Amino acid sequence: MKVGAMMLVPAILLAGCSGGRAGGNAAAPAAPATPDPVEVKFRALNPVQQRVTLFRAIYDADYTCKQIVSIAEKPRVEGRPVWLVTCDDQGEYVITLVPGGTFTVSGVPQPKGGFRRASPSPSPQ
């Protein structure tokens with residue numbers, strides 16, 4: 001009998017965790033009803049302006065990029081738009097637009113001073 005009562009207590013406690021929603025189904029939180037105004041403005045830019053905006057995000061994050069070679073939009077992360085930007089110096093950056101208009105930059109940047117070749121320097125003769 002005690003085992004049955006012990007099993008009933010967790011069931012009652014879990015029943016109270018429905019979050020106040022009718023039906024008690026645990027649906028995933030819905031995406032925001034209104035898109036971020038900064039994202040709307042960014043998407044309204046022409047491709048050249050979007051490229052300049054992403055270039056500026058890389059520059060402001062204190063990374064080097066002489067020229068953007070490619071931009072690929074990736075699946076959203078936690079509802080935020082994400083782009084993979086590749087630069088001519090072989091740096092790859094993942095740029096995420098955070099609500100409110102801030103771009104976060106991460107990835108595989110090349111160090112300041114540019115891209116170095118792996119081959120040794122020619123020796124003086």
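The values are calculated or read from the model by the stated rules, or taken from the named source; none is laboratory data. From a predicted model like this one, the values you see are computed outputs, not experimental measurements. For neighbour counting, all protein chains shown are included, and Cβ atoms are generated from backbone atoms with ideal geometry for every residue, glycine included. Side chains included, ligands, DNA and RNA excluded: accessible areas come from the protein's heavy atoms. Shrake-Rupley method; radii C 1.70, N 1.55, O 1.52, S 1.80 Å.
Scanning region 74-87 for residues that are open to solvent by 40 Å² or more (accessible area, probe 1.4 Å) and under 15 Å from Val52 (Cα atoms) yields a count of 1. Considering region 83-100, and only residues there that are of a type in the set (A, V, I, L, M) and in contact (Cβ under 8 Å) with a residue 24 or more places away in the chain, the residue that is nearest to Lys41 (Cα to Cα) turns out to be Leu97. Taking Pro35 and the conditions (1) at pLDDT below 95; (2) open to solvent by 80 Å² or more (accessible area, probe 1.4 Å); (3) over 18 Å from the mean Cα position of the chain (by Cα), which numbered condition does it fall short on, given that it satisfies the others? So the condition that Pro35 fails would be (3). In the set (1) assigned to a strand (DSSP E or B); (2) under 18 Å from the mean Cα position of the chain (by Cα); (3) not charged (D, E, K, R), Ala57 fails one condition alone, (1).
Of the numbered criteria (1) modelled with pLDDT of 95 or more; (2) within 20 Å of the chain's Cα centre (by Cα); (3) farther than 22 Å from Gly107 by Cα, the one Val48 fails is (2). In region 60-86, the residue that is farthest from Val98 (Cα to Cα) out of those that are of a type in the set (Lys, Arg) and part of a strand (DSSP E or B) is Lys74.
Could you grab me the full set of residues in region 38-52 that are of a type in the set (A, V, I, L, M) and either closer than 16 Å to Val85 by Cα or surrounded by 11 or more Cβ atoms within 10 Å (Cβ to Cβ) (or both)?
Once the filter is applied, which keeps residues that are of a type in the set (A, V, I, L, M) and either closer than 16 Å to Val85 by Cα or surrounded by 11 or more Cβ atoms within 10 Å (Cβ to Cβ) (or both), region 38-52 yields Val38, Leu45, Val48, Val52.
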